[in-house]
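What follows is a short report on a single structure.
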Amino acid sequence: MPRKKTPSYRYHKARDCAVVTIGGKDHYLGTYDSPESWEQYHRLVAEHLAERREPPPPVPADTPLTVTELIARYWRFAKTYYVKDGKPTSEVHSIRLALRFVRRLYGGTPAGEFTPKKLKAVREAMITHEITRKVKGADEETGAVTWERKVVRKGMARKCINKLIGRMKRMYAWAVEEELLPVEIHAALLRVKGLKRGKTAARETPRVRPVLDEHVTVVLPLVPEMVRTMIQVQLLSGCRPQEVVQMRGADIDTTNPIWEYRPRRHKTEHHNDAGNPDHDRVVYIGPKCQEILRPWVPVDAEAHVFSPRRSEALRSAARKANRKSKMTPSQTTRKPKGRAKAPLHKHYPVGSYRQAIRRACKRAGIAIWLPNQLRHSRLTEIRKQFGLEASRVCGGHREVGVTQIYAEQDRELARQVMTKMG
């Protein structure tokens, strides 16, 4: 059975540009043989191969499996495996980014001939890869709007590269598990070590630092009331941004002096495959945090504590009261005009939470800080006062396989810490 050919990159004479035909439709890529056109070509072809719904044709015994075919098979697996609550996780996007590099360089290479040297070549391409974005401008003569590619930074970060290379190795491990390739191929790729700090030309990123107390104080009056409460709760409890936004009344145990919040979904839940309750993520909420949080806990236990609908209602009521105080008696009798509103999320999105803080930082004229830095601030303070073990426990940095007795000792230590600090 003949194999389907990869759509080719061609020159379109009439339009004087590059073109690729996918599914009977021409996609014009811009200036022929330019880096931008090649980037768009590789993206379109990769997405085409990844989104084909028909099952992959069987590979003849005398025909080797190519890297492109292996990527297409693995992509179908990844889209159904890396899923939470019926939705693809961010891991799916990261896998697509990793495989894009290897396919661009070695798409036609037999998968069994992908050696450690080839993997290092892919890694080198990541180090020199230019990250660009479109910038809007205007032509000086005609004033027409123009768009050009601007290089934001050169090269991907070292830690990011190591993670992407790890995902490529994971694809080959899956191929061995599916008996598509011999184990020796994956074993050889495992010999490629990760990039070390100071031993490579890869770009380094700064460490996430705790946010300054004065910066938090300046931002609090500039954000909506609900966002202000989320900042205070996260700063006192040391939880992650994802954990504070999805908080529900049903997830909080208020029977003990120190409340225990067990997030329904959290970052490391996949490490607890056995469902051991002693390995659950528990956020301990002390008296100070309880006082701030208590007015926000809804009557409906299944409802989210920090709901955009409630936040919008509070803001609308405040605006309405402010407007009404400035109106004349005749104006207050007018019927307000209704307007369509966009559908709101069930709980506050992490992106919206982060964006509200960014905007407040810009308004205050201070360095932009992110919600995750609140967690660093709390855990750093706990470590200074109570030691590294207390910081690890309160932050939920528990290794899989810790014994039940040790977990119970950890939890008692966390309760003592939050009694004094939370």
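Bear in mind these aren't lab numbers, they're just calculated from the coordinates by the rules spelled out. These figures come from a predicted structure and were not determined experimentally. Here Cβ is always computed from backbone atoms with ideal geometry, including for glycine, and neighbour counts include all displayed protein chains.
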**OP:** Assuming a ≥ b ≥ c are the square roots of the Cα gyration tensor eigenvalues, decide whether the stretch 104-251 counts as rounded (a/c under 1.5), prolate (otherwise, with a/b larger than b/c) or oblate.
**Re:** oblate
Original post:
Which ³J(HN,Hα) values in Hz, rounded to whole numbers, follow from the phi angles of the stretch 298-309 under the Karplus curve 6.51 cos²θ - 1.76 cosθ + 1.60, where θ = phi - 60° and Gly and Pro get x?
Top reply: x, 5, 6, 5, 7, 7, 7, 5, 9, 9, x, 5
Original post:
Per-residue HN-Hα couplings for the stretch 288-296, Karplus 6.51 cos²θ - 1.76 cosθ + 1.60 at θ = phi - 60°, whole Hz, x for Gly and Pro?
Top reply: 5, 5, 4, 4, 6, 7, 3, x, 9
Original post:
Do any GluC sites (Glu not before Pro) in the stretch 134-237 lie in a loop, going by DSSP, with at most 10 other beta-carbon atoms within 10 Å of their beta carbon, and if so which?
Top reply: E140, E141, E179
**OP:** Treat the count of other C-beta atoms within 10 Å as a stand-in for reagent exposure and order R43, R191 from fewest to most.
**Re:** R191, R43
Original post:
Spin-label point model (7 Å from Cα, Cβ direction): what's the R203 to T31 distance in nm?
Top reply: 2.2 nm
Original post:
Hey, what do the phi angles of the stretch 69-77 turn into as Karplus ³J(HN,Hα) couplings, whole Hz, using 6.51/-1.76/1.60 and θ = phi - 60°, x for Gly and Pro?
Top reply: 5, 5, 4, 4, 5, 5, 5, 4, 5
Subject >> D253 long-range amide H proximity, modeled H, under 5 Å >> reply: E260, Y261, R262
Original post:
How much net charge surrounds P116 when only the other residues with a Cβ under 14 Å from the Cβ of P116 are counted, with Lys and Arg +1 and Asp and Glu -1?
Top reply: +4
Original post:
Can you give the Rg to Rh ratio of the stretch 55-189, both from alpha-carbon atoms, with Rh computed by the Kirkwood formula?
Top reply: 1.10
Original post:
Near the amide H of T89, under 5 Å away, which other amide H atoms are found, from residues 5 or more places off or on another chain, if H is placed in the peptide plane?
Top reply: V83, K84
